Amino acid sequence: MAFPNLSYKVQLQHWLKILAFLLILSSCTSAPSGKASPTPTPKATPRPFIDTWNNIHLFQTFDYGISDPAAVARHYDFVWGANLENVKAWHLGNPHIFVTYYIPFQIDWGTFPDPNTRHGLAYWKKVHPDWILYQCDRTTPAYDKEETPLNFADPAFASWEIETYAKPASQAGYDGIAVDNLTLGNRYHACGVYIHGKWVKLYTGQYDDPVWRANIIGWLARMQQALHNLPHPLALIPNTDFNVLSPSDPQFQQLVNHVDGILDEGGFTNYGSNYYLTGGDWTQRIQIMINTQKQHKPYFVISLFPAVSHEQIQWALASYLMGKDHTASLFVSTPDGYGSDVLYAEYNAQIGTPLGPMYHVQHVYFRSYSHGLSIANPSATTTYRVKLDTSHSYRDLYGNAVNQIVTLPPHSGLVLLYSS
C-alpha cells in the first residue's frame, strides 16, 4: 500500500512505524493470564499393526481351542476375538500382536466378559422398548439368530456399548473391539421402531437400503471416536461384507474412514459354501483389499473350505498374495476350525516382498515377488495353460520342480518359488 501525497522519506517513516507496531503485536499473547496458549493435545490412536510386506502373514480367528497362546503367538499378527484369560499370554508370547475383544453387531452380548448373561426380548421391551427393531409388519423383531435386534442408529446405543464392553476391555489390556456380522445389506428386513409407543419407520425393509448403510457408517463413526478417546485407545475392526458396495462407491470410502481394519470372513470362498469368488467378483475383492491398505488399514481375509486340500490352500494363498501390501494377513480353515491353531506347511514359503502390483496376461493374473511368483485363474469355467518366464526355474511349495508350462483349472491358484 502506498501513500501518494507523501514524500519518499515520510512514506519510509510511516512504513517503519507500521513495522514496529507489527513486531510489538507479534510478541503479545492472547492468553489472559499472560502465558502462551497451550499446544492442542493430539488425538490418541490405537497402537500400530505389524508390517506384513515380507512373506506370508497369519492371524487367528478366536482362540477358544488354544491351550497355550504364548507358545504359538509368534506365528500370528492378530487375534480376532480373544478370550479374556488369554490376553496376557498372547502379549507375552508376541509383544507386537494385536488382540481384540469380540461383540456382535446390534445385539446384546451380556456383560463383560460373559455373553451368557445376555437378555432376551422381554427384558428389552421393559428396559428399552425404543431400541427394538421390527420388520415392516410392525410386530416381528428383525431377528439376527434369535437375538433381539437393537437400534444401532440411536447414538445412546453406541454409548451403552462403550460403557458395557469397550471400557472394561480397554482396562483388561485388549487392543481393540472385534465387531461381528456388520452386514451392509439389511439382511433381516429391519423396518422401524416404536418410540413412546408410536411407530417410526427407519428403513424400507429391503436388503439393499442406502439409509441402512448410512446409519451403519454413522454408528462406526461414533464407535471409533469413542474407542480412540479411551485412556487406553482401542481399534475398531468389524467383520463386514461387500455384496452391495464397490470400491468406487463413496459409502465404501466412508466405511473405511471410520474403521481401523476390516475382517473379511467371506474372503475368496464365500464363507466356505463351496462357492469361489470368480471373474469380476474376485478382481473387485482384490481391489477392496488393496484400497483398504492404501488407507493404512489392515485387511484380514478368511478362506473357509469344507476340507482343506493342497489345491484349496494354493487358491487361498495365491489370492491373498495378489492383494497383500503392508497390512494384510490371512486365516485358512474349515468352518468348524475357528479357535484352533492350525499351521499349514505352505505358510513357511519364503516368497519375499512384492515387486509390483498384480498384472493380467495369458488370461490369468500374476504377481511377482522377490523370491517367487503368485498365479491365479479366477475364471469360473475355463482352464488355461500358462508359459512361465524362462529367466527363472521354479519349484512348488512342496519342493517339486515345475515345468515352464503350468495348467490352471477354473478358480485355482499356484504359488511358486524361484530355484535359480
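Projecting the Cα positions of GLN287, ALA316, TRP212 onto the charge dipole of the stretch 211-327 (unit charges on Cβ atoms of Lys, Arg, Asp and Glu, taken about the Cα centre) puts TRP212 furthest along the positive direction.
Inter-label distance, THR390 to ASP241: 4.9 nm, where each label sits 7 Å from its Cα along the C-beta direction.
For the stretch 45-125, a simple Cβ point-charge model (Lys and Arg +1, Asp and Glu -1, everything else neutral) yields a dipole of about 160 debye relative to the Cα centre.
Suppose only helical runs count, i.e. DSSP H with n ≥ 4. What mean residue ellipticity at 222 nm does that imply for the chain under -39500 (n - 2.57) per run, divided by all residues and rounded to the nearest 500 deg cm²/dmol?
Details: 10 runs with 107 residues, N = 420.
Rounded to the nearest 500, it is -7500 deg cm²/dmol.
Sequence-distant contacts, meaning Cα pairs under 8 Å at least 6 residues apart, place the relative contact order of the chain at 14 percent.
In plain terms, the chain from GLN287 to TYR398 could stretch by 37.0 nm, reckoned as 0.36 nm per residue minus the Cα-Cα distance. Bridges between two residues of the chain, per DSSP, are antiparallel at a rate of about 55%. The distance separating the Cα centre of the stretch 217-254 from that of the stretch 292-309 comes to 17 Å.
A protection proxy built from the mean count of other Cβ atoms within 10 Å ranks the segments 261-269, 95-103, most packed first, as 261-269, 95-103.
Only Lys, Arg, Asp and Glu carry charge here, each on its Cβ (+1 for the first two, -1 for the last two); on that basis the chain has a dipole of about 1580 debye about its Cα centre.
Mind running the shape call on the stretch 262-420? Use the C-alpha gyration tensor, a ≥ b ≥ c as the square roots of the eigenvalues: rounded below 1.5 for a/c, prolate if a/b tops b/c, oblate otherwise. In terms of gyration-tensor shape, rounded.
Can you figure out the FRET efficiency of LEU84 with LEU343, using R₀ = 25 Å and their beta-carbon distance, to the nearest 0.05? Show your work: numbers first, answer last.
Working: r = 24 Å, r/R0 = 0.97.
The computed FRET efficiency comes out at 0.55.
Ranked by the mean number of other Cβ atoms within 10 Å of their residues, highest first, the peptides 107-120, 364-377 fall in the order 364-377, 107-120. If the segment from ALA214 to LYS126 were pulled out straight at 0.36 nm per residue, it would be longer than the present Cα-Cα gap by 28.8 nm. With r as the distance between the Cβ atoms of HIS232 and ASP68 and R0 = 30 Å, compute the FRET efficiency 1/(1 + (r/R0)^6) and round to 0.05. Calculated value: 0.70. Per-peptide packing, taken as the mean over residues of other Cβ atoms within 10 Å, places 283-295, 74-86 in the sequence 74-86, 283-295 from highest down.
Using 0.36 nm per residue of separation minus the Cα-Cα distance, give me the extension gain between TYR207 and HIS75 in nm, one decimal.
Extra length from TYR207 to HIS75 when fully extended: 43.6 nm.
Between amide H atoms placed 1.01 Å from N, distances below 5 Å from ASP264 occur with PHE300, VAL301, ILE302, all of them 5 or more places distant or on a separate chain.
Calculate how many DSSP beta bridges within the stretch 132-241 are antiparallel, expressed in % of all such bridges and rounded to the nearest 5. Write down the numbers at each step before the final one.
Working: 8 of 13 bridges.
Around 60 percent antiparallel, to the nearest 5.
Separation of the stretch 46-100 from the stretch 148-184 is 21 Å, based on Cα centroids.
Read the figures in this text as sums done on the coordinates, not as results from a lab. Computed from a predicted structure; not experimentally measured. We place every Cβ from the backbone using ideal geometry, glycine too, and count neighbours over all the protein chains shown.
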